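Step one of this worksheet: look at the structure below.
The values are calculated or read from the model by the stated rules, or taken from the named source; none is laboratory data. In this text the structure is predicted, and so the values were computed from the model without any measurement. Cβ coordinates were reconstructed from backbone atoms using ideal geometry, including for glycine residues, and neighbour counts include every protein chain displayed.
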Amino acid sequence: MPILHNITERTAYVPGANNLGVVLTGDGGAIVIDTGLDKDTGRMVRRALEEARCELRAIVSTHHHADHIGGNEYLVRNVPGVVVCAPRLEAPLVENPLLEPVYLSLGASPPAALRTKWLMAKGVPVNQIIDGNTCEIAGVTLEIVALPGHSIGQVGVVFDGVCFAADGFFGPVVLAKHGIPYAHDVAAQLAALDRLAARGERFFLPGHGELTERGDLDAALAANRAAIERAATAVCDALTAPGDTFEIARRVRRILGLTIAGLPQYAIFTSAVAAYLSYLEARGTATLAMTDDGAVWHGVA
């Protein structure tokens with residue numbers, strides 16, 4: 001069975017825990033959209049393109065999270081001349097992946113437990129910055145859709161009737177697994193869902209989940225909105241008594257009945273709760289005050 005699954009005549013993807021998009025340039029070349037977690041996914045991308053007799057010309061990193069850029073270094077090292085492209089706000093973190101565990105460590109030098117491939121990929125130089133609504137890469141004009149929220153400057157890529165949506169939305173299995181959708185900015189994440197809802201492409205490929213036809217997209221986006229609302233409600237419920245961010249995160253975990261498997265998951269979960277607290281503050285339902293016990297969150301009735 002081929003590794004590469006065709007979507008349209010000029011688009012394909014490598015399915016898996018991370019869906020990796022492919023745009024065919026029409027002259028024997030290919031652009032890969034995200035490269036997965038590590039060198040193994042990078043190797044799989046290379047093998048898939050070799051099977052399809054396509055030459056890798058460029059990589060588009062939609063955002064900097066390690067599970068989307070982990071194959072970059074292997075591909076850049078093993079395929080000469082590959083151009084790496086990334087959005088302006090994401091590019092410094094694609095080049096310097098240590099910054100991901102740094103921000104998850106409150107800006108401090110991260111402990112060893114956060115310096116794993118799950119949070120820290122190997123960096124590569126970004127050769128081309130993605131700005132604006134279109135971008136010419138490897139001789140192909142791609143439409144760019146701004147989808148910040150999950151990360152600071154995430155983008156989606158549109159070509160030949162397919163929207164490669166990165167983590168602009170998640171499949172239902174992923175939503176159920178994580179309990180609280182990860183966000184850098186919850187309001188921006190909701191706006192990204194609205195932006196996707198306005199699109200008319202035939203297919204939408206999330207970074208995590210099933211390839212979605214346009215007729216099924218509204219239900220998928222509604223499930224994402226509902227998951228975000230459930231998470232916001234859980235964080236609001238955790239504010240019945242004052243507490244710092246870590247205490248609120250503990251309460252949210254108990255409310256949702258979640259089990260935290262290790263330090264990377266704990267750091268990601270706590271960061272997501274912090275994003276929801278900022279979201280509630282902007283809505284006027286939470287406040288943050290400095291006290292003798294530190295920075296304490298309070299709910300607002």
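Some values worked out for this structure:
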| read-out | value |
| --- | --- |
| Filtered residues of the stretch 93-111 (kept if within 16 Å of the chain's Cα centre (by Cα) and over 16 Å from residue 34 (Cα atoms)) | 99, 100, 101, 103, 104 |
| Matching option when the condition is in a helix (DSSP H, G or I), modelled with pLDDT of 95 or more and out of contact with any Asp or Glu (no Cβ under 8 Å at 6 or more places or on another chain), among 94, 84 | 94 |
| Selected residue (criterion: nearest to the chain's Cα centre (by Cα)) from residues of the stretch 61-81 that are farther than 18 Å from residue 157 by Cα and assigned to a loop (DSSP other than H, G, I, E, B) | 70 |
| Extreme residue, surrounded by the fewest Cβ atoms within 10 Å (Cβ to Cβ), among residues of the stretch 37-68 that are without any contact (Cβ under 8 Å) to a residue 60 or more places away in the chain, in contact with a helix residue (DSSP H, G or I) (Cβ under 7 Å, 6 or more places away or on another chain) and over 22 Å from residue 9 (Cβ atoms) | 43 |
| Filter result for residue 30 (in a loop (DSSP other than H, G, I, E, B), at negative phi and under 23 Å from the mean Cα position of the chain (by Cα)) | no |
| Unmet requirement for residue 56, which otherwise passes all of (1) over 15 Å from the mean Cα position of the chain (by Cα); (2) in a helix (DSSP H, G or I) | (2) |
| Of residues in the stretch 167-212 being touching a Leu at 6+ places or on another chain (Cβ under 9 Å) and among the β-branched types (Val, Ile, Thr), the one modelled with the lowest pLDDT | 180 |
| Tabulated pairs, the stretch 128-151, first surrounded by 12 or more Cβ atoms within 10 Å (Cβ to Cβ), second of a type in the set (Lys, Arg) and in a loop (DSSP other than H, G, I, E, B), C-beta under 8 angstrom, 6+ apart or interchain | 129/88; 130/88; 145/199 |
| Conditions (1) more than 17 Å from residue 68 (Cα to Cα); (2) in contact (Cβ under 8 Å) with a residue 60 or more places away in the chain: number failed by residue 107 | (2) |
| Failed item, numbered, when residue 199 is tested on (1) in contact (Cβ under 8 Å) with a residue 12 or more places away in the chain; (2) part of a helix (DSSP H, G or I); (3) more than 29 Å from residue 251 (Cβ to Cβ); (4) charged (D, E, K, R) | (2) |
